[in-house]
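Before I ask anything, let me first share the structure, which is written out below as structure tokens.
Read-outs throughout are calculated quantities, based only on the coordinates presented, and are distinct from any laboratory measurement. Note that this is a predicted model, so its numbers are computed, not measured. Cβ: placed from backbone, ideal geometry, glycine included. Neighbour counts: every protein chain shown.
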Amino acid sequence: GENVEQHPSTLSVQEGDSAVIKCTYSDSASNYFPWYKQELGKRPQLIIDIRSNVGEKKDQRIAVTLNKTAKHFSLHITETQPEDSAVYFCFIQGAQKLVFGQGTRLTINP
Amino acid sequence: EADIYQTPRYLVIGTGKKITLECSQTMGHDKMYWYQQDPGMELHLIHYSYGVNSTEKGDLSSESTVSRIRTEHFPLTLESARPSHTSQYLCASSEGSGANVLTFGAGSRLTVL
């Protein structure tokens, strides 16, 4: 079955610095790689996604990079702000299964 | 407004009670899902459906059951609630083909005493 490993589980950065979260997966048939953000007490929401035929996608301060050969993709947040504090989940859409990563709790320190 | 709705938002019940958590979506999505999540923790898939009269168990063993008689409705039932069922239950839906962009409901927070 599909395995996905998300690291780190917690991340604390100073406001204005960058944050990077990485997910590694096992199913080579995976073709869609989104990231979800869940603020405290709220529902998870899609923030950015990438298809398997693209290596990088950027939307203002957030970006996702994909390395299909190595089977990993990463979320990059630049110029972090207090509102970036949340739990972030990667998500894998494989041939048979849909799987969330374990989650990363990101804290932005003022 | 097209969205996904869950009721109740909060529920406190005693051990042994039967409960049904409701989930309805007005987006015409074929696929629907139930996740169990303790606050800020992993999302565990407990049931999913790819269409009417189609239901499957997820990765997390669950004593709950689901039904999908109508496209828009995907209720989850616990026949006999226990304290170990205390958690948040999130319903989600996605379109039937292509990239599965999940839209989540606001969740039902269940406490079993």
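Across the range B:18-44, which residue is surrounded by the fewest Cβ atoms within 10 Å (Cβ to Cβ) among those that are within 13 Å of another protein chain (Cβ to nearest Cβ) and either out of contact with any strand residue (DSSP E or B) (no Cβ under 6 Å at 6 or more places or on another chain) or among the hydroxyl-bearing types (Ser, Thr, Tyr) (or both)?
Of everything passing the filter in the range B:18-44, B:Pro39 is surrounded by the fewest Cβ atoms within 10 Å (Cβ to Cβ).
Here is a further query. For B:Lys31, state whether it is touching a residue at least 12 places away in the same chain (Cβ under 8 Å) and more than 15 Å from the chain's Cα centre (by Cα). Explain how you work it out, then say what you get.
Numbers: touching a residue at least 12 places away in the same chain (Cβ under 8 Å): yes; more than 15 Å from the chain's Cα centre (by Cα): no.
Against the criterion (touching a residue at least 12 places away in the same chain (Cβ under 8 Å) and more than 15 Å from the chain's Cα centre (by Cα)), B:Lys31 does not qualify.
Can you pull out the residues in the range B:69-97 that are within 19 Å of B:Asp30 (Cβ to Cβ) and in a strand (DSSP E or B)? Reasoning before the result, please.
From the range B:69-97, those within 19 Å of B:Asp30 (Cβ to Cβ) are B:69-76, B:90-97; that's our starting set.
B:Arg70, B:His73, B:Leu76, B:Leu90, B:Cys91, B:Ala92, B:Ser93, B:Ser94 - these are the residues of the range B:69-97 that are within 19 Å of B:Asp30 (Cβ to Cβ) and in a strand (DSSP E or B).
Can you name every residue in the range A:41-68 that is over 13 Å from the mean Cα position of the chain (by Cα) and of a type in the set (Ser, Thr, Tyr)?
Selection gives A:Ser52 alone.
Of the residues that make up the range A:49-67, is at least one closer than 18 Å to A:His7 by Cα and part of a loop (DSSP other than H, G, I, E, B)?
So far as the range A:49-67 goes, no, none of its residues is closer than 18 Å to A:His7 by Cα and part of a loop (DSSP other than H, G, I, E, B).
Hey, can you tell me all the residues within the range B:44-66 that are within 21 Å of A:Val4 (Cβ to Cβ) and within 12 Å of the chain's Cα centre (by Cα)?
Across the range B:44-66, the qualifying residues are B:His44, B:Leu45, B:Ile46, B:His47, B:Tyr48, B:Lys57, B:Gly58, B:Ser62.
Is it true that B:Ser93 is crowded, with 21+ Cβ neighbours inside 10 Å, of a type in the set (S, T, N, Q) and touching a His at 6+ places or on another chain (Cβ under 7 Å)? Talk me through it step by step, then tell me what you get.
On the way: crowded, with 21+ Cβ neighbours inside 10 Å: yes; of a type in the set (S, T, N, Q): yes; touching a His at 6+ places or on another chain (Cβ under 7 Å): yes.
Here the answer is yes, as B:Ser93 does meet what is asked.
Separate question: In the list B:Thr55, B:Thr86, which residue meets the criterion of being within 16 Å of B:Gln37 (Cα to Cα), surrounded by fewer than 20 Cβ atoms within 10 Å (Cβ to Cβ) and β-branched (Val, Ile, Thr)?
Criteria check complete, one pass: B:Thr86.
Name the residue that is nearest to the other protein chains (Cβ to nearest Cβ), counting only residues in the range A:73-110 that are of a type in the set (Val, Ile, Thr) and over 20 Å from A:Ala29 (Cβ atoms). Please lay out each step first, then the result.
Within the range A:73-110, the first condition is being of a type in the set (Val, Ile, Thr), and the residues that meet it are A:77-78, A:80, A:87, A:92, A:99, A:104, A:107-108.
Filter once more, keeping what is over 20 Å from A:Ala29 (Cβ atoms): A:77-78, A:80, A:87, A:104, A:107-108.
On the way: A:Ile77: 18, A:Thr78: 24, A:Thr80: 19, A:Val87: 5, A:Thr104: 11, A:Thr107: 11, A:Ile108: 16 Å.
Among them, the one singled out is A:Val87.
Something else now. Hey, can you tell me all the residues within the range B:40-68 that are part of a loop (DSSP other than H, G, I, E, B) and of a type outside the set (S, T, N, Q)?
Filtering the range B:40-68 for residues part of a loop (DSSP other than H, G, I, E, B) gives B:40-43, B:52-53, B:58-63, B:67-68.
Within the range B:40-68, B:Gly40, B:Met41, B:Glu42, B:Leu43, B:Val52, B:Gly58, B:Asp59, B:Leu60, B:Glu63, B:Arg68 qualify.
Only one of (1) in a loop (DSSP other than H, G, I, E, B); (2) in contact (Cβ under 8 Å) with a residue 60 or more places away in the chain; (3) closer than 22 Å to A:Ala29 by Cα fails for A:Ala70. Which number is that?
Every listed condition holds for A:Ala70 apart from (2).
Just the residues that are β-branched (Val, Ile, Thr) and facing chain A (nearest Cβ under 10 Å), please, taken from the range B:48-106. Before the answer, list the steps.
Taking the range B:48-106 and keeping what is β-branched (Val, Ile, Thr), we get B:52, B:55, B:65-66, B:69, B:71, B:77, B:86, B:101, B:103.
Within the range B:48-106, B:Val101, B:Thr103 meet the criteria.
Among the residues that make up the range A:75-95, is at least one of them among the aliphatic types (A, V, I, L, M), in contact with a Phe, Trp or Tyr (Cβ under 9 Å, 6 or more places away or on another chain), surrounded by 15 or more Cβ atoms within 10 Å (Cβ to Cβ) and in contact (Cβ under 8 Å) with a residue 60 or more places away in the chain?
yes
Continuing with this model, one more query. Identify all residues within the range A:10-45 that are surrounded by fewer than 13 Cβ atoms within 10 Å (Cβ to Cβ), within 13 Å of another protein chain (Cβ to nearest Cβ) and of a type in the set (Ser, Thr, Tyr); write none if there are none.
Within the range A:10-45, just A:Thr10 meets the criteria.
Could I ask something else about it? Consider A:Thr107 carefully, then state whether it is surrounded by fewer than 19 Cβ atoms within 10 Å (Cβ to Cβ) and closer than 20 Å to B:Met41 by Cα.
Details: surrounded by fewer than 19 Cβ atoms within 10 Å (Cβ to Cβ): yes; closer than 20 Å to B:Met41 by Cα: yes.
Spelling it out, A:Thr107 is indeed surrounded by fewer than 19 Cβ atoms within 10 Å (Cβ to Cβ) and closer than 20 Å to B:Met41 by Cα.
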